[in-house]
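Novice: One structure, as structure tokens, below. Some questions next.
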Amino acid sequence: DDLMVGGPKKESQTTVAVVSPALTSQYHVQFVEGAVEEGESYGWKVQSLAGDRETNFAAQVDLVESAVRKGVDAMTICAINDKAIVGAIEKANEAGIPVFIHNSLTELEGVDIAGYTGFDQRKAGRLCGEYAVKILSEKNSDATSTVYIITGIPGFHSNERVAGFHEIIDQHPNIEVVGSGPGNWERLGGMNLAETALKANDQVDLIFAVSDAMAQGAAQAVQEAGKDTMTLGLDGNPDTLKDIQAGVVTASLAVFPKEMGKIAMQNIKNYLDGEAIERRNETPLKIIDASNVGEYLN
């Protein structure tokens with residue numbers, strides 16, 4: 001048996017790790033579903049690795065390092081925090097494991113990334129800003145409109161979305177931002193912030209949350225307070241679409257995570273097959289509200 005060392009490697013099943021921040025958001029659940037479906041259609045083993053909470057940087061670093069030790073064939077990561085994850089990616093680079101990034105198109109500095117799949121986060125914020133301007137002018141025409149912003153955890157995704165939103169609404173002097181706070185990507189966080197904002201201000205016309213879970217929490221607070229505040233989220237999760245159809249949430253910018261999961265896997269397959277791939281795969285964005293939600297609900 002000892003003589004076999006260094007002989008040709010047996011054809012074993014390709015294993016790809018999908019590393020999410022956590023599976024507390026439908027967004028990441030949907031991405032993993034798409035990735036697993038696509039990967040399994042190639043006969044791959046797709047391992048879903050996720051921390052317990054989206055704030056747990058250390059857990060994500062550990063997951064990437066353990067995937068490196070197990071010797072997966074490739075991995076795709078949605079990094080919670082770019083700086084925190086770099087050390088773990090360096091280890092993957094040293095081990096010769098190709099690393100892909102999903103849910104972001106922004107170059108990670110100092111490490112070797114094979115490809116990116118995701119949407120332009122700032123553009124997503126701008127599209128939400130444009131929609132906000134539209135619905136606020138429909139409601140109040142030129143009179144002053146008030147907006148409260150629920151951010152995620154400070155970091156790339158949240159900061160870019162908020163910056164894009166501001167790029168648009170700041171051009172409109174009749175739109176006033178009455179406050180903002182971090183909902184930590186969680187429904188409860190969104191609900192608590194909205195509750196406080198609704199008490200602190202006589203009128204909040206719109207709450208913009210940079211994720212659906214937080215927008216749903218905000219919508220719940222609006223309902224409980226008996227207010228007519230509109231709510232705008234970002235993800236286009238299936239349960240949010242039901243809320244839009246029911247008139248609970250006003251709208252969401254859909255980012256089609258399941259589709260993104262499939263595209264990410266197609267990209268990895270092409271790379272492993274030795275084909276040339278697009279370094280940046282930009283995925284689609286679409287505002288969904290009462291006018292078109294029927295087309296997107298299964």
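Novice: Just checking, which of 251, 290 is surrounded by fewer than 23 Cβ atoms within 10 Å (Cβ to Cβ), out of contact with any Ser or Thr (no Cβ under 7 Å at 6 or more places or on another chain) and in contact (Cβ under 8 Å) with a residue 12 or more places away in the chain?
Specialist: 290 is the lone residue from the list that is surrounded by fewer than 23 Cβ atoms within 10 Å (Cβ to Cβ), out of contact with any Ser or Thr (no Cβ under 7 Å at 6 or more places or on another chain) and in contact (Cβ under 8 Å) with a residue 12 or more places away in the chain.
Novice: Select from region 125-176 the residues that are more than 24 Å from residue 254 (Cβ to Cβ) and of a type in the set (Val, Ile, Thr) and list them in ascending order.
Specialist: Within region 125-176, 144, 146 qualify.
Novice: In the list 183, 190, 217, which residue meets the criterion of being touching an Asp or Glu at 6+ places or on another chain (Cβ under 8 Å), crowded, with 22+ Cβ neighbours inside 10 Å and touching a residue at least 12 places away in the same chain (Cβ under 8 Å)?
Specialist: 217
Novice: Given the options 142, 62, name the one that is surrounded by fewer than 19 Cβ atoms within 10 Å (Cβ to Cβ), out of contact with any Leu (no Cβ under 6 Å at 6 or more places or on another chain), over 27 Å from residue 286 (Cβ atoms) and modelled with pLDDT of 95 or more.
Specialist: 62
Novice: So for region 41-50 (the condition being in a helix (DSSP H, G or I), assigned by TED's automatic domain parsing to the domain that holds residue 278 and at pLDDT 95 or above), does at least one residue qualify?
Specialist: The answer is yes, given that some residue of region 41-50 is in a helix (DSSP H, G or I), assigned by TED's automatic domain parsing to the domain that holds residue 278 and at pLDDT 95 or above.
Novice: Filter region 187-210 for residues that are within 25 Å of the chain's Cα centre (by Cα) and either part of a helix (DSSP H, G or I) or outside the structural domain of residue 128 (by TED's automatic domain parsing) (or both) and give the result.
Specialist: Those that are within 25 Å of the chain's Cα centre (by Cα) and either part of a helix (DSSP H, G or I) or outside the structural domain of residue 128 (by TED's automatic domain parsing) (or both): 187, 188, 189, 190, 191, 192, 193, 194, 195, 197.
Novice: Now a separate question. Restricting to region 225-265, and then to whatever is hydroxyl-bearing (Ser, Thr, Tyr) and not in a helix (DSSP H, G or I), can you tell me which residue is farthest from residue 32 (Cα to Cα)?
Specialist: 229
Novice: Could you check region 264-273 and list, in sequence order, the residues that are over 15 Å from the mean Cα position of the chain (by Cα) and crowded, with 22+ Cβ neighbours inside 10 Å?
Specialist: Within region 264-273, 265, 267, 268 meet the criteria.
Novice: So which residues in region 220-240 are among the aliphatic types (A, V, I, L, M) and surrounded by fewer than 22 Cβ atoms within 10 Å (Cβ to Cβ), if there are any at all?
Specialist: Across region 220-240, the qualifying residue is only 225.
Novice: Another question, if that's okay. Count, please, the residues in region 105-156 that happen to be of a type outside the set (S, T, N, Q), without any contact (Cβ under 8 Å) to a residue 40 or more places away in the chain and in the same structural domain as residue 227 (by TED's automatic domain parsing).
Specialist: 6
The values are calculated or read from the model by the stated rules, or taken from the named source; none is laboratory data. If you're wondering where the values come from, they're calculated on a predicted model, not measured in any experiment. Note that we place each Cβ from the backbone using ideal geometry, even for glycine, and neighbour counts take in every protein chain shown.
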